Amino acid sequence: MHKPKKSDADGPRPSVRYASRRTVVRASLLLGMVSCLAGCGDWLGGHFVGAPEDAAFLLSTSAQELVDAAYSDVEPGELLDFHTHALTHGGDIQNGWLSPQMLDWRRPLERLRTAVYFSAAGISDRQRAQAQYLSRLMRLIRSQPKPGRHVLLAFDQVHDEAGNPQPQLSPFYVSNDYVLALARRYPDVFIAGMSVHPYRRDVLSEITRLADAGARVMKWLPNVQNFDPAAPQLSPIYELMAARDIVLLSHGGKELAMDGVANQEWGNPLRLRPALAAGVKVIVAHAAGLGESADLDQEIRPPVANFQLLMRMLREQRYADHLFVDISATTQFNRVPDTLNGLLQRPDLFHRVVNGSDYPLPAVNMAVHLNRLVAADLIAESDAQPLREIYGFNPLMFDYVLKRRLQLPGTRLRFPSAVFTGHGLLPP
């Protein structure tokens, strides 16, 4: 048997095998996450200081001035948020569910992520999560000076190519009927956003049913729902959506906020070309601001930043009336400054930019670093502390006011109010 070499100074070698430094670090991080689960959610997620209704009375003069300025050029009910999530955990199972894996102690990272989202959404009781989430969301919307409407999004579960649902592969599920019911109950607040997986056997009849019931937007997250938006079998779906004037809100770029990613390439914005060719109005969520994808327009298909692929499409005249982007999540620390700089320096494209909050993400305390926005000269340093005050009472209002304060570095060029009223993309 080969014996390892050792010097005289080494001394006798121990018979036990020590863990590598990497293993020790991983174990320490794992233990840290487990011990953090009980208390870190509020620090990382909803680190709030007061009720949303109190903002009107307790904000400082400087914070109130930012609020007043942000709402000065819009009318009550005119604001439109294209990207607001619903949650159905803890309610009727027919309304939807959260995957048990997201609450499993054996998956500490997923459980911590869920704890952060629950905290951000003001959920203190998992068994009442659906009711608490809705109550908190309604308060955040209605306590704003001029409440607007929000496209409330369903989220269909994964289906295989034979049309069979795959709940074990789905991080969560929000039924279309639940979202429709809320839109009917609160028509001044919610617009129904359907989500129908394109592999469903009843996909065409379900889209027709939901459109007849008033759903105006289709929500897809192909990276997680595991389908290629450019697949030829989706053509009849696009034809129906175009005929019914259903707007497609599809995730663009790399997906990091959710567990269960099946294929990041399905977030390539170039894969939405067939939908556009069929005449569907398409909103690319988050302006495709993360990651790279294959350049499908080139023979050798090199990786290119998703945002640059999207900007190429926006320059194509054939899509001038059909391709839009939403700015949800663009203020998060991992997206600053490239996406915002790229959009703000193109005022000729502002009429194709719409707002989305991606709520509850604006309420995740660790996601938005105002100091980073200041360092990038995207907001004035004097705005940072007043914005923090607003966040402490109403993170949804904070998200809107922050985006109204964004400026092209070195200028006073900002997104106009039409970005936040939707350019008539969803007429009354």
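The values are calculated or read from the model by the stated rules, or taken from the named source; none is laboratory data. What you see is a predicted model, and the numbers here were worked out from it, not measured in a lab. No Cβ is skipped: glycine too gets one built from the backbone with ideal geometry, and neighbour counts run over all protein chains shown. What goes into the accessible areas is simple: the full protein's heavy atoms, side chains included, and nothing from ligands, DNA or RNA. Shrake-Rupley method; radii C 1.70, N 1.55, O 1.52, S 1.80 Å.
Here are the numbers:
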read-out	value
Rg/Rh for the stretch 149-279, where both radii come from Cα atoms and Rh is the Kirkwood radius	0.94
For the chain, size of Cβ-based charge dipole, Lys and Arg +1, Asp and Glu -1, in debye	1260 debye
Lys pairs, the chain - Cα-Cα below 29 angstrom, 8 or more residues apart or on other chains	9
Under 5 Å, built H, 5+ apart or other chain: amide partners of PHE190	HIS150
Furthest towards positive pole of dipole, LEU426, ALA367, LEU270, structure part the chain, Cβ charges	ALA367
Rounded to the nearest 10 Å², the accessible area of ILE237 at probe 1.4 Å	0 Å²
Cβ-Cβ FRET estimate between ARG312 and ILE93, R0 fixed at 45 Å, reported to 0.05	0.55
J(HN,Hα) series, the stretch 376-390, from Karplus relation 6.51 cos²θ - 1.76 cosθ + 1.60, nearest Hz, glycine and proline x	7, 6, 8, 9, 6, 4, 5, 7, 4, 5, x, 5, 4, 4, 4
Gain in span if fully extended, SER382 to ASN164, counting 0.36 nm per residue against the direct Cα distance	73.1 nm
Which of ILE207, PHE118, SER357, positive extreme of dipole for the chain (C-beta unit charges)	PHE118
Per residue solvent-accessible surface (Å²) - the chain, probe of 1.4 Å	45 Å²
Highest-MSF residue in the chain out of ALA320, ALA380, ALA162 [GNM, Cα springs under 10 Å]	ALA162
Using a Förster distance of 56 Å, the FRET efficiency for ARG185-ALA375 (Cβ separation, nearest 0.05)	0.80
Under 5 Å, built H, 5+ apart or other chain: amide partners of ALA285	SER250, HIS251, GLY252, ASP326
Hull shadow area, averaged, the stretch 71-174 [alpha-carbon convex hull, nm²]	8.3 nm²
Theoretical FRET efficiency, 1/(1+(r/R0)^6), r = Cβ-Cβ of MET366 and ARG142, R0 30 Å, to 0.05	0.65
Candidates ALA375, ALA129, ALA86, ranked by Gaussian network fluctuation over the chain, Cα under 10 Å, top entry	ALA375
Fraction of accessible area attributable to carbon and sulfur, the chain (%, probe 1.4 Å)	53 percent
Between the stretch 94-138 and the stretch 257-312, the alpha-carbon center distance in angstrom	29 Å
Gain on full stretching of the segment that runs from HIS351 to SER72 - 0.36 nm per residue minus C-alpha separation	98.5 nm
Within the chain, helix-based [θ] at 222 nm, where runs of 4 or more DSSP H residues each add -39,500 (n - 2.57), nearest 500	-10000 deg cm²/dmol
Integer Hz, Karplus 6.51/-1.76/1.60 couplings in order for the stretch 62-77, x for Gly and Pro	5, 5, 5, 5, 5, 4, 4, 5, 5, 9, 5, 10, 10, 9, x, x
TYR71 accessible area, assembled protein chains, probe 1.4 Å, Å²	10 Å²
Projected label distance in nm at ASP212 and SER60, using a 7 Å step from Cα toward the beta-carbon	5.7 nm
Amide H contacts of HIS83 (H built 1.01 Å from N, under 5 Å, at least 5 apart or other chain)	VAL151, SER357, ASP358
Segment ASP245-LEU296, length gained on full extension (0.36 nm per residue, minus Cα span)	15.6 nm
Longest to shortest principal axis, alpha-carbon extents of the chain, angstrom	84, 57, 48
Within a Gaussian network of the chain (alpha carbon springs, distance under 10 Å), most fluctuating of ARG142, ARG273, ARG412	ARG412
